[in-house]
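The values are calculated or read from the model by the stated rules, or taken from the named source; none is laboratory data. Treat the numbers as computed from the prediction; the structure is a model and nothing was measured. A quick note on method: Cβ atoms are made from the backbone with ideal geometry, for glycine too, and the neighbour counts reach across all protein chains shown.
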Amino acid sequence: MTYRGHVENGVVVLDQAVPWPDGTPVNVEPVGKEESESPLSEVLLRYAGKAKGLPPDASRNLDHYLYGAPKR
């Protein structure tokens with residue numbers, strides 16, 4: 001079962017009463033979009049140009065090089 005709540009002064013406060021005794025362990029997961037430190041494009045850009053020794057048509061003919069399919 002999911003209960004909703006909010007944070008007040010650094011403490012999670014549930015919006016409704018729950019029948020749990022004090023000390024009951026719980027997991028808290030924030031709702032909403034988490035802000036990433038870097039957009040995905042910036043993270044992936046770190047790997048641009050890192051693959052060495054690939055044929056020049058590797059992206060176009062990936063199935064050929066992986067599975068032996070005819071080249072395009």
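Quick notes
- Among the residues of the range 1-15, those identified as assigned to a loop (DSSP other than H, G, I, E, B), within 26 Å of the chain's Cα centre (by Cα) and at pLDDT 90 or above are Tyr3, Arg4, Gly10.
- Flag for Val18 being surrounded by 10 or more Cβ atoms within 10 Å (Cβ to Cβ) and not in a loop (DSSP other than H, G, I, E, B): no
- Scanning the range 45-72 for residues that are hydrophobic (A, V, I, L, M, F, W, C) and modelled with pLDDT of 90 or more returns Leu45, Leu54, Ala58, Leu62, Leu66, Ala69.
- Among the residues of this structure, Glu37 counts as one that is within 20 Å of the chain's Cα centre (by Cα), among the acidic types (Asp, Glu) and assigned to a loop (DSSP other than H, G, I, E, B).
- Annotation for the range 16-24: no member residue is in contact with a Lys or Arg (Cβ under 7 Å, 6 or more places away or on another chain) and among the acidic types (Asp, Glu).
- Inter-residue pairs, beta-carbon under 6 Å, first within 21 Å of Val7 (Cα to Cα) and in the range 26-42, second at pLDDT 85 or above and surrounded by 10 or more Cβ atoms within 10 Å (Cβ to Cβ), 6+ apart: Val28/Val12
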